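This report refers to the structure that appears directly beneath it.
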Amino acid sequence: MRSIMRGIYAPLRLLSTEASSAQHTGLVHVEKQFESVPPSERNKEAFYAALIIFKERQPRSYVDFLHSALKYMKDFGVHKDLEAYKALLNIFPKGKLIPQNQWQKIFLHYPLQQNCCVKVLDEMEWHGVQPDKETHDIVVNAFGEWNFATRKVKRMLYWMPKLRHSNKYLDRRLLEKGPLSQADLAGLLLRTISRDPGSKLHLWKSPSTSNSVNNEWIAYSQSILQKNLISRLDPMTDIFIDGPFLSYVMDKPVKYVTIKCLPDGALQDFQPKEENDDYANWFQEWTESRTFRRTIHEQKNETILGLACLSTFNNAMAQRLVELLNAHTPKLSEMNIRLRLDK
C-alpha cells in the first residue's frame with residue numbers, strides 16, 4: 001500500500017491543480033476528474049488520485065462519480081483489480097443508507113444508491129473479479145445486512161467460486177497464472193475449439209535466436225480421424241486454407257485458419273430412413289447405415305481437416321503449414337492446395 005501511495009503523489013498534484021483552478025467558477029464535474037488525466041498517464045495511481053480528490057471536494061455527488069468511474073476503469077487499467085472496486089465501494093457513506101425501521105426494509109431504501117452499488121458489483125462480475133469477505137463487509141456497513149446490494153454480493157460470494165472453473169474446455173488458471181505469449185494463447189484456443197478428443201496439438205517455431213523479436217511460429221491441431229479423411233480423398237482434390245477467423249480465449253482475441261475440403265457427395269445424398277417396427281432385415285440396414293456414418297469433422301457444407309494459428313497470416317506461412325501437415329499425411333502432396341487468406 002505504501003508503494004501505491006508514493007505513486008499517487010504525482011497524479012494527485014495534477015488533479016488538485018485542475019480542481020483548484022475550477023474553484024472560482026464552481027465545482028469540478030465528476031467526469032472532468034478522469035478526462036483531465038492525459039491518456040499516457042492513465043494508470044492505477046492516477047485512478048486512486050482521482051478518488052482521493054473526490055473525497056476531499058465533492059463527497060455528495062458520489063452516485064454520479066461512481067457511474068463515471070466505471071466508464072473509465074478500463075482506460076486506467078483497473079477493471080480487473082479487486083482493490084479498485086473496494087475503493088469505489090468505500091465511497092458510499094457508512095450508516096446513513098442503512099434502513100432504520102420495518103417500512104424502510106420492505107421498500108427499496110435509497111434506490112439510486114443501491115442500484116449504483118449493484119452496478120459496481122455487476123461490473124466486477126462481468127470482468128470475472130471475485131469478491132472477498134472484505135468486499136461483503138464494505139457493502140454491509142454501507143447498506144445494512146439484507147437489501148438488494150448485499151443480496152447481490154452474497155450471491156457473488158456463493159456462486160462465483162463454484163462457477164470459476166466450470167468451463168470444461170478451458171482451465172482459466174492457465175490464463176491467470178501470468179502473461180502468456182500469442183503461441184500459448186493459440187494452443188489454448190485450439191484445445192478449446194477442437195471437438196475431437198483425439199486431437200493432438202503441435203507447435204513449430206522458426207530456428208531463429210531466442211532474442212529475436214519477430215520469431216515465427218505455427219500452432220496446429222489434427223486428429224487421427226482427420227488424417228484418415230485425408231488418406232481417403234481422391235488425388236487432385238481441392239483443399240482450402242481459409243481465414244483468418246476471430247475467436248476469444250476469455251477476453252483475449254486470437255485468430256485461426258481452417259484446413260477443409262468440400263463434403264463427400266455420398267454424405268450429401270444420404271437420407272436417413274424412417275423408423276418402423278419391421279426388424280426382419282435389421283442387420284442389413286444396420287450395415288448400410290454404418291457405411292454412411294459421418295465423423296464430427298464431416299459437416300453438411302464442408303469437411304474440416306485441421307485447425308491452425310499462425311504468427312503472420314500470409315501465403316508464406318500458409319505454405320509452411322502445408323509442409324508441416326504433409327510430414328504427417330504424405331498424401332496431402334497429391335492435392336490441390338488453395339489459399340484463401342484475407343489480407
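Descriptive notes on the structure:
- Which numbered condition L185 fails, given (1) surrounded by 15 or more Cβ atoms within 10 Å (Cβ to Cβ); (2) touching a Ser or Thr at 6+ places or on another chain (Cβ under 6 Å); (3) more than 30 Å from P330 (Cβ to Cβ): (2)
- Any hit, segment 178-200, residues being at pLDDT below 90, in the same structural domain as L325 (by TED's automatic domain parsing), more than 30 Å from P263 (Cβ to Cβ) and not small (G, A, S): yes
- Set L82, L121, L97: member being touching a residue at least 40 places away in the same chain (Cβ under 8 Å), within 23 Å of L175 (Cβ to Cβ), surrounded by 14 or more Cβ atoms within 10 Å (Cβ to Cβ) and among the hydrophobic types (A, V, I, L, M, F, W, C): L82
- Residue in segment 255-269 that is among the aliphatic types (A, V, I, L, M) and either modelled with pLDDT under 70 or not assigned by TED's automatic domain parsing to the domain that holds S181 (or both) present: yes
- Residue in segment 219-255 that is nearest to the chain's Cα centre (by Cα), counting only those that are of a type in the set (D, E, K, R) and closer than 21 Å to L332 by Cβ: D242
- Being farther than 30 Å from E176 by Cβ, assigned to a strand (DSSP E or B), modelled with pLDDT of 90 or more and in contact with a strand residue (DSSP E or B) (Cβ under 6 Å, 6 or more places away or on another chain) is a description that applies to I239.
- Boolean, L324 is buried (at least 21 other Cβ atoms within 10 Å of the Cβ), at pLDDT 90 or above and assigned by TED's automatic domain parsing to the domain that holds L246: no
- Residue selected from segment 152-170 under the condition farther than 13 Å from E125 by Cβ and surrounded by fewer than 15 Cβ atoms within 10 Å (Cβ to Cβ), by the criterion farthest from the chain's Cα centre (by Cα): K162
- Contacts under 8 angstrom Cβ, first residue in segment 297-323 being of a type in the set (K, R), partner crowded, with 21+ Cβ neighbours inside 10 Å, 6 or more apart: R320/I218
- Scan of segment 293-343 for residues that are assigned to a strand (DSSP E or B) and farther than 22 Å from P263 by Cα, ordered by number: C309, L310
- Unique residue being outside any strand (DSSP E or B) and under 22 Å from A327 (Cα atoms) when the list is L185, L229: L229
- Selection from segment 238-258 of residues that are surrounded by fewer than 16 Cβ atoms within 10 Å (Cβ to Cβ), touching a residue at least 60 places away in the same chain (Cβ under 8 Å) and not charged (D, E, K, R): M250
The values are calculated or read from the model by the stated rules, or taken from the named source; none is laboratory data. Just so it is clear, the model here is predicted, and its values are computed rather than measured. Glycine gets a Cβ as well: all are built from the backbone with ideal geometry, and neighbour counts include every protein chain shown.
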